[in-house]
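Asks: Sharing a structure, written as structure tokens. Questions coming.
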Amino acid sequence: MSSLSSQGRIWNPVSTLSPRSLNRALSGFALVLTLESLAASRANLPKPEGGFVVISSWGQSPVNRSDFQELAELHLRHAKALSDAQLYSGAYYMSGYTIECALKACIARRTNQFDFPDKRFASSAWTHDLAELAKVSGMKSDFDAAKQADDVLRANWQAVDGWSETSRYETHLQHEAESLLTAVSDPDHGVLACIKRYW
């Protein structure tokens with residue numbers, strides 16, 4: 001943790017943050033670290049010992065299906081780490097982004113490299129709305145059939161449907177974060193496991 005010395009005292013910027021502000025800051029930090037790691041892997045740069053590297057040009061190549069798959073897995077790891085650290089609002093937030101990236105991987109699977117995209121299809125994919133992304137993915141009927149066959153999966157999808165990207169501005173309690181994380185990550189009845197059948 002960086003600190004500044006002022007008149008012989010050590011100032012730690014984290015000590016001045018409320019738990020709520022710290023939770024939000026760490027959630028954003030996890031997302032930045034994910035992007036930095038992804039950018040480093042694209043640029044074939046060696047990662048420093050901590051596993052992260054900052055480069056100035058993130059957007060040189062478009063995000064593709066495998067990037068979204070990798071981001072979904074990384075966001076899930078971040079959600080679990082935040083939950084383990086009792087940073088429940090951040091865990092809740094990252095759990096939802098796990099599903100957003102997984103659905104966007106399904107959408108990317110539908111695109112062909114040299115096809116000119118339909119304008120409505122392309123603009124519909126640029127959203128954080130999970131219900132809309134499920135429709136745009138072309139897999140909604142498959143997801144609905146899976147939910148019909150599995151009551152636990154159906155309940156897990158309902159939990160995930162309550163997530164919004166605006167949750168980064170909200171406080172979520174331990175039971176909310178753990179419930180969403182379980183709905184996302186359950187290996188047998190989880191939403192991520194369901195989506196991965198089609199991504």
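The values are calculated or read from the model by the stated rules, or taken from the named source; none is laboratory data. Everything quoted here is computed from the prediction, not taken from an experiment. Virtual Cβ from ideal backbone geometry, glycine too; neighbours counted across all protein chains shown.
Asks: Give all pairs with beta carbons closer than 8 Å in which a residue from segment 99-122 that is polar (S, T, N, Q) meets a residue that is at pLDDT below 80; count only pairs at least 6 apart in sequence or on separate chains.
Replies: Correct list of pairs: 111/117.
Asks: Of the conditions (1) in contact with a Lys or Arg (Cβ under 7 Å, 6 or more places away or on another chain); (2) within 20 Å of residue 78 (Cα to Cα); (3) in a helix (DSSP H, G or I), residue 171 fails just one. Which one is it?
Replies: Result: residue 171 passes all but (3).
Asks: Name the residue, out of 127, 111, that is touching a helix residue (DSSP H, G or I) at 6+ places or on another chain (Cβ under 8 Å) and hydroxyl-bearing (Ser, Thr, Tyr). Show your work before the answer.
Replies: On the way: 111 fails: touching a helix residue (DSSP H, G or I) at 6+ places or on another chain (Cβ under 8 Å).
It is 127.
Asks: From 89, 83, which residue is out of contact with any Lys or Arg (no Cβ under 8 Å at 6 or more places or on another chain), buried (at least 18 other Cβ atoms within 10 Å of the Cβ) and modelled with pLDDT of 95 or more?
Replies: Selected residue: 83, the only one of 89, 83 that is out of contact with any Lys or Arg (no Cβ under 8 Å at 6 or more places or on another chain), buried (at least 18 other Cβ atoms within 10 Å of the Cβ) and modelled with pLDDT of 95 or more.
Asks: A further question follows. Scan segment 56-77 for residues that are in a helix (DSSP H, G or I), more than 17 Å from the chain's Cα centre (by Cα) and either modelled with pLDDT of 95 or more or of a type in the set (S, T, N, Q) (or both) and report the count.
Replies: Within segment 56-77, the first condition is being in a helix (DSSP H, G or I), and the residues that meet it are 58-60, 65-77.
Now restrict to residues that are more than 17 Å from the chain's Cα centre (by Cα): 58-60.
Now narrow it down to the ones that are either modelled with pLDDT of 95 or more or of a type in the set (S, T, N, Q) (or both): 60.
The number of residues fulfilling the criteria is 1.
Asks: Kindly indicate the residue of segment 125-145 that is aliphatic (A, V, I, L, M) and in a helix (DSSP H, G or I) and also surrounded by the fewest Cβ atoms within 10 Å (Cβ to Cβ) among those meeting that condition.
Replies: Only one residue fits best here, namely 145.
Asks: Can you spot a residue in segment 161-180 that is crowded, with 20+ Cβ neighbours inside 10 Å and either β-branched (Val, Ile, Thr) or out of contact with any helix residue (DSSP H, G or I) (no Cβ under 6 Å at 6 or more places or on another chain) (or both)?
Replies: There is no residue in segment 161-180 that is crowded, with 20+ Cβ neighbours inside 10 Å and either β-branched (Val, Ile, Thr) or out of contact with any helix residue (DSSP H, G or I) (no Cβ under 6 Å at 6 or more places or on another chain) (or both).
Asks: Starting from segment 171-193, take each residue that is farther than 20 Å from residue 103 by Cα and list its partners that are of a type in the set (D, E, K, R) and not in a loop (DSSP other than H, G, I, E, B), counting only C-beta distances under 7 angstrom and pairs at least six apart or across chains.
Replies: That search, which allows pairs on different chains as well, returns 171/20.
Asks: Of the residues 122, 193, 177, only one is farther than 18 Å from residue 76 by Cβ, assigned to a helix (DSSP H, G or I) and not hydroxyl-bearing (Ser, Thr, Tyr); which?
Replies: After ruling out the rest, the residue left standing is 122.
Asks: Is it fair to say residue 186 is at pLDDT 95 or above and either touching a His at 6+ places or on another chain (Cβ under 7 Å) or surrounded by 15 or more Cβ atoms within 10 Å (Cβ to Cβ) (or both)? Show your work before the answer.
Replies: Values: at pLDDT 95 or above: yes; either touching a His at 6+ places or on another chain (Cβ under 7 Å) or surrounded by 15 or more Cβ atoms within 10 Å (Cβ to Cβ) (or both): yes.
Here the answer is yes, as residue 186 does meet what is asked.
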